[in-house]
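The structure under discussion appears below in the form of C-alpha cells.
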Amino acid sequence: MSLQPNILPRLGRLATAIPVVLTLTPLGALGQERALERRVPASPNEVRLSYAPIVQRAAPAVVNVYAAKTVAVRNRLLDDPIFRRFFGVPDGPGGPGEQVQRSLGSGVLVDAAGLVVTNYHVIEGADQVKVSLFDKRELEAEIVLKDSRSDLAVLRLKAQNERFPALEFADSDALQVGDLVLAIGNPFAVGQTVTHGIVSAVARTQVGITDYQFFIQTDAAINPGNSGGALVDLGGRLVGINTAIFSRSGGSQGIGFAIPANMVKVVVASARSGGSVVKRPWLGAKIQAVTPEIAESLGLKRPSGALIASLTPASPAARAGLRTSDLIIAIDGQIVEDANAFDYRFATKVIGGSAKLGVVRAGKELSLNVALEAAPDTPHEELVIASSSPFQGAKVANLSPALADDLRLDPAVQGVVIVDIANGSPAQSLGFKRGDLVLSVNNSKIAKTRDLERVTGQQSRRWSITIVRGGQQMSVEFRG
C-alpha cells in the first residue's frame, strides 16, 4: 500500500546498506560515553570487528506484533431476489458476513514491566493483539495508548510479576549524518533480522507520513514487517522506531525512515502516567511555511523558519507576545528550519515550565518565553448521525482548542467537526473525512452538534452542504 507516490509506510509494511565500518568501542565503555569516536578504520583488524555484542544486547528487546480485527463483509449477491429465491434465502436485505484481517509488524520493549512500542498503523482497529518474544513465547497484549499523529502505539504484555529485557532510549538529537545504526525487526515474517547502515539524513520534514514530519533517514535495509522495529546505535540504545520506506518496487531501495526516539519518549511517558492520549504543549497559533516569495518579502536570504499566520486570543502564544507575521527561527537554542521542524520540536517539550523562542520581527531578532500548557478542552457533545442523510454514520463533535490541535485545524475556528466515520456508511461512501468542519447544511448554519442532528433529521431530496477541509471551503450538493 502506498502512502503517496513511492512511499510505503504503515508497514506491517516497511535499505541495502552501504557497508560502512566505524571503530567499535569496547563493550564495557559503551554505556559510559555520550558519543562514539568517529573515524575510518585504521587497520584490517578494525575492519574485522563485529556488531555481535551490540545485537546480543538489543535483540532480546525486539518483538513481533500480530494484530487481528474482524470486519463485516456484505454479500451483494444476496440483494438479487432471483439469487435469494434460488438458494432459499429469506426475504430481506443481504446480511453481512465476517472476515478476519491480520497484520504483522515489529515492536520494542522499552520498559522491563512489559511496555512495548510499535507503530499505530500496525495495530489500527485491532480486536486482538499478540506479541511474540525473542525466546519464542507468545503473549497477549492490551493496547494502552494509540497516537495516530505520531504513528505510535504502546502495548502492555499480559504477564504477572515478570521482568523483560528493555532498550534504553538514546538522545536522537545527538545523531549525526554518517553515524552507524542497526535496524532490528521481522521483515516479510521471516524471523528476527538485523541489518546495518548509516544515518543518511536527520530532520527529514517533507516525507508526508504523519502529522509530525521529522524523521531519521537511514540506508539500513528496512522492508515490510519492519514497522515498529528498532533502530539502534552502537551502544545498543534505541534511536528510532522504523516506520516507512521510499520505494519504487515495494521492497528496500536504501531509503528508510524512523520516528526519532525523543518523540517516542513523549508517547511512552504518557502511557506510563496512565494516560490514554498523549498530552502535548499547545501553542495557540497557526504556523505557516515560509515560501521563497515570503522570504523575499521579509528580506530573508533563504526560506527558513516558521511563520505565525494567526493567533488564538489568550493562548500561550498570545500571552508570550507573539504577533501575526512573526518568524520563529529557534526554540530553546535549536534552529527551526521550517514549520514541520517547529511542530516536532514544540511537541517534544514537556508540559510545565516554558520554552524560549527565537523570533524575527520587522527585521529584528528577539527572544520570547512561551508557557508549555495543554490545550483547554470543553465538552464535545459527541454524537453519531443516525438519520437517513449524507452524514449517516459520521461521528461529530463540537470543536474545542484541544480537539482543533489534535485534528491540526486552525485554532481560531469554531463549529462542528467529523471525528470518525463508520465503515460502509453513507458518509464514508460520499467521501466525508475525519477533520471535515461542517459550516452549513441546506442553508442552516451548523454551530453545535445538535444543529446538525436536527437538520439531518429532516427529510430532503436535495442536500446542499458547505464544509472546510485542509483550510479550503468546499460546497457540495447531493440529491436523493
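The values are calculated or read from the model by the stated rules, or taken from the named source; none is laboratory data. Computed from a predicted model, the values in this text were never measured in an experiment. Glycine also receives a Cβ, built like all others from the backbone with ideal geometry; neighbour counts cover every protein chain displayed. Quick note on the areas: whole protein, heavy atoms, side chains included, nothing else; ligands and nucleic acids left out. Shrake-Rupley method; radii C 1.70, N 1.55, O 1.52, S 1.80 Å.
Data table
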{"item": "Long pairs among K146/K356; K286/K364; K69/K349, criterion Cα-Cα beyond 28 Å", "result": "K146/K356; K69/K349"}
{"item": "Bins of 10 Å, starting at 0 and running to the largest distance - Cα pair percent for region 236-313", "result": "14, 21, 30, 29, 6"}
{"item": "Packing-based order for 380-388, 294-302, 54-62, using average beta carbon neighbours within 10 Å, highest first", "result": "54-62, 380-388, 294-302"}
{"item": "Longest to shortest principal axis, alpha-carbon extents of region 254-404, angstrom", "result": "55, 43, 37"}
{"item": "Shape parameters for region 348-430, alpha-carbon atoms, Rg then Dmax in Å", "result": "18.7, 57"}
{"item": "Kirkwood hydrodynamic radius (C-alpha pairs) into Stokes-Einstein, region 304-346, 20 °C and 1.002 mPa s, D in µm²/s", "result": "201"}
{"item": "Amide H within-cut-off set for V290, under 5 Å, with H built and near neighbours excluded", "result": "L307, A339"}
{"item": "Where labels lie 7 Å past Cα in the beta-carbon direction, separation of S354 and D211 in nm", "result": "2.6"}
{"item": "Cα-Cα separations in region 316-469 greater than 27 Å, expressed as whole percent", "result": "39"}
{"item": "Cα-based reach from K445 at 23 Å (exclusive), listing lysines while leaving out same-chain residues under 8 positions away", "result": "K395, K433"}
{"item": "Solvent exposure of region 181-317 as accessible area per residue, Å², 1.4 Å probe", "result": "34"}
{"item": "For region 180-297: Kirkwood Rh in Å [reciprocal of mean 1/r, alpha carbons]", "result": "15.8"}
{"item": "Prolate/oblate/rounded call for region 179-239, Cα gyration tensor, a/c under 1.5 rounded", "result": "oblate"}
{"item": "Percent accessible area from carbon and sulfur atoms, region 332-480, protein chains only, probe 1.4 Å", "result": "47"}
{"item": "Karplus 3J(HN,Hα) series, Hz, for region 334-348 with 6.51 cos²θ - 1.76 cosθ + 1.60 (x for Gly, Pro)", "result": "8, 5, 9, 7, 7, 5, 5, 5, 5, 3, 5, 4, 5, 5, 8"}
{"item": "Burial order of peptide ranges 102-112, 315-325 (average beta-carbon count within 10 Å, highest first)", "result": "102-112, 315-325"}
{"item": "Cα-only Debye scattering, region 271-356: base-10 log of I(q)/I(0) at q = 0.18, 0.26 Å⁻¹", "result": "-0.80, -1.36"}
{"item": "Calculated Rg and Dmax of region 121-263 using C-alpha coordinates, Å", "result": "15.0, 46"}
{"item": "Within-12-Å neighbourhood charge of S310 [Cβ basis; K, R +1; D, E -1]", "result": "0"}
{"item": "Total formal charge among the other residues, if their Cβ is under 12 angstrom from that of D436, Lys/Arg +1 and Asp/Glu -1", "result": "+3"}
{"item": "Phi-based couplings in Hz for region 282-292 (Karplus 6.51, -1.76, 1.60; Gly and Pro marked x)", "result": "10, 7, x, 8, 8, 9, 10, 5, 9, 7, x"}
